Amino acid sequence: MTKVLDIAYGEKKEEAYNIRTAMEEASRCLLCYDAPCSEACPAKTDPGKFIRSLRFKNFKGAVETIRENNPFGGSCSLICPHAKLCEQACSRTGIDKPINIGKLQEFAVNQEKIHNMKVYEKPENTNGKRILCIGSGPASLTCASVLAREGYEVEVFEAEAKPGGILTYGINPSRISQEIVDYDISLIEELGVKIICNRKVTLDELEELKDKYDAIHIGVGLTESKIIADEKVNTELEGVEVALAFLKSARTGEIKNLENENIIVIGGGDVAMDCALTAHQLGANTKIVYRRSIEEAPANIDEISMIQAMGISMITEFTPVETIEEEGKLKKIKFESRDKISNMELKADRMIFAIGQKRAKDFKDFKVEDKVFASGDIANGGDTVVEAVAEGKEVAKEIMNYIDCKEDK
């Protein structure tokens, strides 16, 4: 199997639970009355309740709890930072170790797929109100899901060829397969949500679109990458790239083989880890360089541990200060230490900036106003998928309240 197929299908870090192992793990749950794990979930997926259902082999009940609270329950089971949220809050932590909530959620969703459980029901009639969601990431599609279940007619415009936003184009398949992303989205579409891909929207169109819809939700995310602004760091060189463009090229198969290439990833977040893992899987000699200490790195500690276990070097407390080129191509990068004392030079065929995202120019100056709402990364500056789900649910309520108030006048 070629490396591009390996990356396309992804690789499991841990074996998923089967019925026996899931029951063993669920039986460890203390069945807390006011489950702290449920309180710690931003999307209110309510792990305390769905684990209780699993413990008594009520798999359908577990799935209902997950889906009613989180339309991206399958995706979140794989990429949510459980260790920092629900599992950290687990009462079992004080006894031995927390319940493996993520894997139990993954198990429940797998049972949903295997047995074709149907939790969502498409309303028989719509209320005649039309909503447009711009962007098809987790926040926008969560908003669409909530509104569709309440009888609203929802259309989604997506600029890319496939829906899913960051889930489809910005995460390494070893962490999440496209199959589970597509599955989550298919359940939303079954509610009657119409997703129109290859349909880019600009701010100039908003006024015209406001005349056609009762409300508009903007959830386009942060689609433009930040770069280091230094006169000696030439970002126009061939070989200098940004994280999301690199990950998208790998996910779509545009990049198929990076054997013998020296790739330097700049950054210390989960996106940087994804870039490094992707480059490594495609055969590159990969290093991560981060400006702060490893303790300060925002990436999930499990992701950092996995990266290190795969032999990918993570050099901390260094910042790129100069690029060295040859015939317009990147050849080397000079770095300076945090304390300004040490310097190093690394050979590089590619340098990938993974130091954060910002609003694309098209939506840089947009404002929430009459009929226009927003949620997700474009509103909060960049956060986790589970936070985006929570915001999508909240903005759906705001839209419904707005329309109700308009009708009351």
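The values are calculated or read from the model by the stated rules, or taken from the named source; none is laboratory data. Since this is a predicted model, take the numbers as computed values, not measurements. Cβ coordinates were reconstructed from backbone atoms using ideal geometry, including for glycine residues, and neighbour counts include every protein chain displayed. For the accessible areas, the whole protein counts, side chains as well, though only heavy atoms, and no ligand, DNA or RNA atoms are used. Shrake-Rupley method; radii C 1.70, N 1.55, O 1.52, S 1.80 Å.
Could you sort 181, 146 by their accessible area in this structure, using a 1.4 Å probe and putting the largest first?
Ranked list, largest accessible area first: 146, 181.
Find out how many positive minus negative residues lie around residue 21, taking Lys and Arg as positive, Asp and Glu as negative, among other residues whose Cβ is under 10 Å from that of residue 21.
Net charge around residue 21: -1.
Taking the Cβ of residue 195 as the center, what net charge do the other residues with Cβ under 10 Å away carry, scoring Lys and Arg +1 and Asp and Glu -1?
Net charge around residue 195: 0.
Please list 122, 113 in order of solvent-accessible area, largest first, computed with a 1.4 Å probe with all protein chains present.
122, 113
For the stretch 27-77, rounded, prolate or oblate, judged on the Cα gyration tensor with a ≥ b ≥ c (square roots of eigenvalues), a/c < 1.5 rounded, else prolate if a/b > b/c?
On the way: a/c = 2.09, a/b = 1.17, b/c = 1.79.
Verdict is oblate for the stretch 27-77.
Measuring with a 1.4 Å probe in the full set of protein chains, what accessible area per residue, in whole Å², belongs to the chain?
Numbers: 19350 Å² over 409 residues.
Roughly 47 Å² per residue, with all protein chains present.
Among 283, 74, 102, which one shows the highest mean-square fluctuation when the chain is modelled as a Gaussian network with alpha-carbon springs under 10 Å?
283
Could you give me the percent of Cα pairs per 20 Å distance bin for the chain, shortest bin first, beginning at zero and ending with the bin that holds the maximum distance?
26, 54, 20, 0
Can you sort 290, 33, 120 by solvent-accessible area, 1.4 Å probe, largest first?
Details: 290 15, 33 205, 120 40 Å².
Sorted by accessible area, descending: 33, 120, 290.
Classify the stretch 25-152 as rounded, prolate or oblate from the Cα gyration tensor: take a ≥ b ≥ c as the square roots of its eigenvalues, call it rounded if a/c is under 1.5, otherwise prolate when a/b beats b/c and oblate if not. Before the final figure, lay out each step's value.
Details: a/c = 2.38, a/b = 1.79, b/c = 1.33.
Because a/c hits 1.5 or more and a/b exceeds b/c, the stretch 25-152 counts as prolate.
In whole angstrom, note down how far apart the Cα centers of the stretch 385-403 and the stretch 201-234 are.
Comparing the Cα centres of the stretch 385-403 and the stretch 201-234, I get a distance of 19 Å.
Using amide H atoms built in the peptide plane, which far-off residues or other-chain residues are under 5 Å from residue 372 H to H?
Residues meeting the amide H criterion: 216.
Of the DSSP beta bridges with both residues in the chain, give the percent that are antiparallel, rounding to the nearest 5.
Bridges in the chain are about 35 percent antiparallel.
If we count every other residue with Cβ under 14 angstrom of residue 114's Cβ, Lys/Arg +1 and Asp/Glu -1, where does the sum land?
Summing Lys/Arg as +1 and Asp/Glu as -1 gives 0.
How much length would be gained if the chain were fully extended between residue 370 and residue 324, taking 0.36 nm per residue of separation minus their Cα-Cα distance, in nm to one decimal?
11.5 nm
Once you have a ≥ b ≥ c as the square roots of the Cα gyration tensor eigenvalues for the stretch 77-191, tell me rounded if a/c is under 1.5, and otherwise prolate or oblate according to whether a/b is larger than b/c.
Cα axes put the stretch 77-191 in the prolate bin.
Spelling out what I want: for every residue of the stretch 252-266, take phi, set θ = phi - 60°, compute 6.51 cos²θ - 1.76 cosθ + 1.60 (Karplus), and round to whole Hz; glycine and proline get x.
Along the stretch 252-266, the couplings run 8, x, 5, 9, 10, 8, 10, 4, 6, 8, 9, 10, 10, 9, 9 Hz.
Subtracting the Cα-Cα distance from 0.36 nm times the residue separation, let me have the gained length for residue 235 to residue 408 in nm, one decimal.
Between residue 235 and residue 408, full extension yields 56.9 nm more.
Taking 0.36 nm per intervening residue step and subtracting the Cα-Cα distance, what contour gain separates residue 33 from residue 308 on full extension?
Residue separation times 0.36 nm, minus the Cα-Cα distance, leaves 95.0 nm.
Within the stretch 253-335, list the GluC sites (Glu not before Pro) lying in a DSSP loop whose Cβ has at most 13 other Cβ atoms in a 10 Å radius.
Passing both the DSSP loop test and the Cβ count: 254, 259, 327.
Computed FRET efficiency, Cβ-Cβ of residue 119 and residue 208, R0 60 Å: what is it to the nearest 0.05?
Numbers: r = 37 Å, r/R0 = 0.61.
According to the calculation, E is roughly 0.95.
Keeping the other protein chains in place, figure out the carbon and sulfur percent of the accessible area of the chain, with a 1.4 Å probe.
Exposed carbon and sulfur together represent 46 percent of the surface.
Rounded to the nearest 0.05, what FRET efficiency do residue 56 and residue 14 have when you use their Cβ-Cβ distance and R0 = 22 Å?
Approximately 0.30, to the nearest 0.05.
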